[in-house]
């Protein structure tokens, strides 16, 4: 029995479908995609560009409407609730951290805006410490921060909102190697200390192996393989997964 | 490069400031009453008493240029401001709501853009029997379009930004997002457009006055001054040259300032 799977599910997506139409042409971005994210679990979603990974996150968060399927947070049915309500349960961290902050706002104002209650400077301070950031950066605007600092601030903002689930959309792909390592370290800390559930989208299977418990492999809007990360990486069953892993190994060489 | 650009903006901005101060304080600076006629000083060449000479009725051209600037510049700024407000509001509605409202308003904008602006303005001003109010309405009918199209395209592009998605997930309402994120981020490009529109509007207003469709004499206004004085340009060229020169100078200064600010924003990335 899979020990991770036994964990209580905090997020379930069942048979999600999404079609984008442009005149007579259409693209099935998601076709019958199902997943379950356990409490304190890190679930990786891998696949090449255009496989539907980001659409999956945006559909779950309500930023993109779905054509069919169900979304549940715990036992609560969330389908069709919209992103404003979904925001209570989950938060999204985007690929381009700088563009996820209003260029006119200081970091503090952006973080303050994400909170739903009274402003709590002590909590922000502890999150800033967790992210290994200088508190002085709170008064700066996103243009004055590096990509890595911005991404760590985005994590702080997501955590400050109080959501129990994080949806991370390629959050390290725009960063240099040292910033990537810092983000990975924070995610590991979050896993160990806070029991946060994370849906981690990446095209970097090596990174997913380091961070995640389980992985979901997507191709052209379908889930082609799912399982414990070690099982999938060491013994991929689907030819596409094998190709993806082989390509990742070639790149690492 | 950016430093040089900043210096040029400061110098051009200072020139624009001087023009504005000169017309605002026309009552203090003007050496004579702009409306007092003097039968003994008809078409007098520039001299100590009348630095820009006098016109056909013996009125001080410099004083009329300064007071005329009040009319021209105040009407221009008011019209640009109103167009800015109307166009931005319409553009934000189109960019935020989309759907039939967007299609309808943008088709109206397309129809208005399909006619030359001045032709529409002359026709409308003619129907409204001239006057400054009529001239402003005539130009305002098409002026909001550039602001609306700019506001719409920027709104649509800002809506795609991740910080808007973050604000939505933070539970912010649509109105809150428009007021705190979209509108403030639109201001810079719209302000640049407003600066470049100042020159165009001034040409339009002065043009209508020149054609007798703007201010009603004896009110001093640059376009109507040129129109009145062109009849005796060979006898008293100063009466045409002075208002023509300040019109050109003001248009050049504001257009150049708009271009510089646009360039500065582009270098900011």
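The values are calculated or read from the model by the stated rules, or taken from the named source; none is laboratory data. All values reported here derive from a predicted model rather than from experimental measurement. Neighbour counts run over all protein chains shown; Cβ positions are idealised from the backbone, glycine included.
Here are some residues: B:57, B:82. Which one is within 15 Å of residue B:226 (Cα to Cα) and surrounded by fewer than 21 Cβ atoms within 10 Å (Cβ to Cβ)? Break it down into steps so the answer makes sense when it comes.
On the way: B:82 fails: within 15 Å of residue B:226 (Cα to Cα).
Within the list B:57, B:82, the selection yields B:57.
Among the residues of segment A:98-120 satisfying the criterion of being buried (at least 19 other Cβ atoms within 10 Å of the Cβ) and more than 8 Å from every other protein chain (Cβ to nearest Cβ), which is farthest from residue A:145 (Cα to Cα)?
Checking each candidate, the answer is A:111.
Test residue B:156 against the criterion of being in contact with a helix residue (DSSP H, G or I) (Cβ under 9 Å, 6 or more places away or on another chain) and buried (at least 19 other Cβ atoms within 10 Å of the Cβ), and give yes or no. Outline the logic, then answer.
On the way: in contact with a helix residue (DSSP H, G or I) (Cβ under 9 Å, 6 or more places away or on another chain): yes; buried (at least 19 other Cβ atoms within 10 Å of the Cβ): no.
Spelling it out, it is not the case that residue B:156 is in contact with a helix residue (DSSP H, G or I) (Cβ under 9 Å, 6 or more places away or on another chain) and buried (at least 19 other Cβ atoms within 10 Å of the Cβ).
Can you name the number of the only condition in (1) within 12 Å of chain B (Cβ to nearest Cβ); (2) under 30 Å from residue A:8 (Cβ atoms) that residue A:143 fails?
All conditions are met except number (2).
Here is a list of conditions, (1) closer than 30 Å to residue A:142 by Cα; (2) assigned to a helix (DSSP H, G or I), and residue B:142 meets all of them except one; can you say which number that is?
The failed condition is (1).
Within segment A:231-253, count every residue that is out of contact with any helix residue (DSSP H, G or I) (no Cβ under 8 Å at 6 or more places or on another chain), assigned to a helix (DSSP H, G or I) and surrounded by fewer than 16 Cβ atoms within 10 Å (Cβ to Cβ). Outline the logic, then answer.
Start the filter on segment A:231-253 by keeping residues that are out of contact with any helix residue (DSSP H, G or I) (no Cβ under 8 Å at 6 or more places or on another chain), which leaves A:231, A:234-235, A:237-240, A:242-243, A:246-247, A:249-251, A:253.
Next, only the ones that are assigned to a helix (DSSP H, G or I) stay: A:231, A:234, A:239-240, A:242-243, A:246-247, A:249-251.
This time we only want the ones that are surrounded by fewer than 16 Cβ atoms within 10 Å (Cβ to Cβ), so: A:231, A:234, A:239, A:242-243, A:246-247, A:249-251.
Here the count works out to 10.
Of the residues in segment B:204-218, how many are surrounded by fewer than 18 Cβ atoms within 10 Å (Cβ to Cβ), in contact with a helix residue (DSSP H, G or I) (Cβ under 8 Å, 6 or more places away or on another chain) and within 19 Å of residue B:63 (Cα to Cα)?
Of the residues in that region, 2 qualify.
Can you find even one residue in segment B:177-192 that is over 30 Å from residue A:64 (Cα atoms), buried (at least 19 other Cβ atoms within 10 Å of the Cβ) and either modelled with pLDDT under 90 or within 14 Å of another protein chain (Cβ to nearest Cβ) (or both)?
Yes; the residues of segment B:177-192 include at least one that is over 30 Å from residue A:64 (Cα atoms), buried (at least 19 other Cβ atoms within 10 Å of the Cβ) and either modelled with pLDDT under 90 or within 14 Å of another protein chain (Cβ to nearest Cβ) (or both).
Quick test of your reading of the structure: residue A:90 fulfils all but one of (1) in contact with a helix residue (DSSP H, G or I) (Cβ under 7 Å, 6 or more places away or on another chain); (2) more than 7 Å from every other protein chain (Cβ to nearest Cβ); (3) within 30 Å of residue B:268 (Cβ to Cβ); (4) in contact (Cβ under 8 Å) with a residue 40 or more places away in the chain. Name the failing condition by number.
(3)
Tell me which of these residue B:191 doesn't satisfy, since it passes every other one: (1) in contact with a helix residue (DSSP H, G or I) (Cβ under 7 Å, 6 or more places away or on another chain); (2) in a helix (DSSP H, G or I); (3) touching a residue at least 12 places away in the same chain (Cβ under 8 Å).
Unmet condition: (1).
So which helices (runs of 4 or more DSSP H) are wholly in segment A:65-169 and hold at least 1 residues that are in contact with a strand residue (DSSP E or B) (Cβ under 8 Å, 6 or more places away or on another chain) and over 22 Å from residue A:44 (Cα atoms)? Talk me through it step by step, then tell me what you get.
Numbers: elements: A:83-86, A:107-114, A:121-130, A:147-160.
Helices (runs of 4 or more DSSP H) meeting the threshold: A:107-114.
Exactly one condition in (1) within 8 Å of chain B (Cβ to nearest Cβ); (2) more than 30 Å from residue A:218 (Cβ to Cβ); (3) surrounded by 21 or more Cβ atoms within 10 Å (Cβ to Cβ) is false for residue A:128; which is it?
Of (1) within 8 Å of chain B (Cβ to nearest Cβ); (2) more than 30 Å from residue A:218 (Cβ to Cβ); (3) surrounded by 21 or more Cβ atoms within 10 Å (Cβ to Cβ), only one is false for residue A:128: (1).
Has segment B:124-134 got any residue that is under 22 Å from residue B:89 (Cα atoms), part of a helix (DSSP H, G or I) and out of contact with any strand residue (DSSP E or B) (no Cβ under 6 Å at 6 or more places or on another chain)? Lay out the reasoning, then the answer.
Of all residues in segment B:124-134, those under 22 Å from residue B:89 (Cα atoms) come to none.
No, that holds for no residue.
Test residue B:147 against the criterion of being outside any helix (DSSP H, G or I), more than 14 Å from chain A (Cβ to nearest Cβ) and in contact with a helix residue (DSSP H, G or I) (Cβ under 8 Å, 6 or more places away or on another chain), and give yes or no. Quick ask: steps written out before the conclusion?
Numbers: outside any helix (DSSP H, G or I): no; more than 14 Å from chain A (Cβ to nearest Cβ): yes; in contact with a helix residue (DSSP H, G or I) (Cβ under 8 Å, 6 or more places away or on another chain): yes.
Criteria not met by residue B:147.
Suppose the filter is surrounded by 15 or more Cβ atoms within 10 Å (Cβ to Cβ) and touching a helix residue (DSSP H, G or I) at 6+ places or on another chain (Cβ under 7 Å); does residue A:38 pass it?
Details: surrounded by 15 or more Cβ atoms within 10 Å (Cβ to Cβ): yes; touching a helix residue (DSSP H, G or I) at 6+ places or on another chain (Cβ under 7 Å): no.
No: the conditions fail for residue A:38.
Tell me which residues, restricted to segment B:26-45, are under 16 Å from residue B:246 (Cα atoms) and in a loop (DSSP other than H, G, I, E, B).
Once the filter is applied, which keeps residues that are under 16 Å from residue B:246 (Cα atoms) and in a loop (DSSP other than H, G, I, E, B), segment B:26-45 yields only B:30.
If you scan segment B:232-263, which residues turn out to be part of a helix (DSSP H, G or I), more than 21 Å from the chain's Cα centre (by Cα) and either within 26 Å of residue B:8 (Cα to Cα) or in contact (Cβ under 8 Å) with a residue 24 or more places away in the chain (or both)?
B:232, B:238, B:239
Restricting attention to segment A:103-116, which residues are in contact (Cβ under 8 Å) with a residue 24 or more places away in the chain and either out of contact with any helix residue (DSSP H, G or I) (no Cβ under 8 Å at 6 or more places or on another chain) or over 18 Å from residue A:134 (Cα atoms) (or both)?
At the first step, the residues of segment A:103-116 found to be in contact (Cβ under 8 Å) with a residue 24 or more places away in the chain are A:103-108, A:110-111, A:114-116.
Within segment A:103-116, A:103, A:104, A:114, A:115, A:116 qualify.
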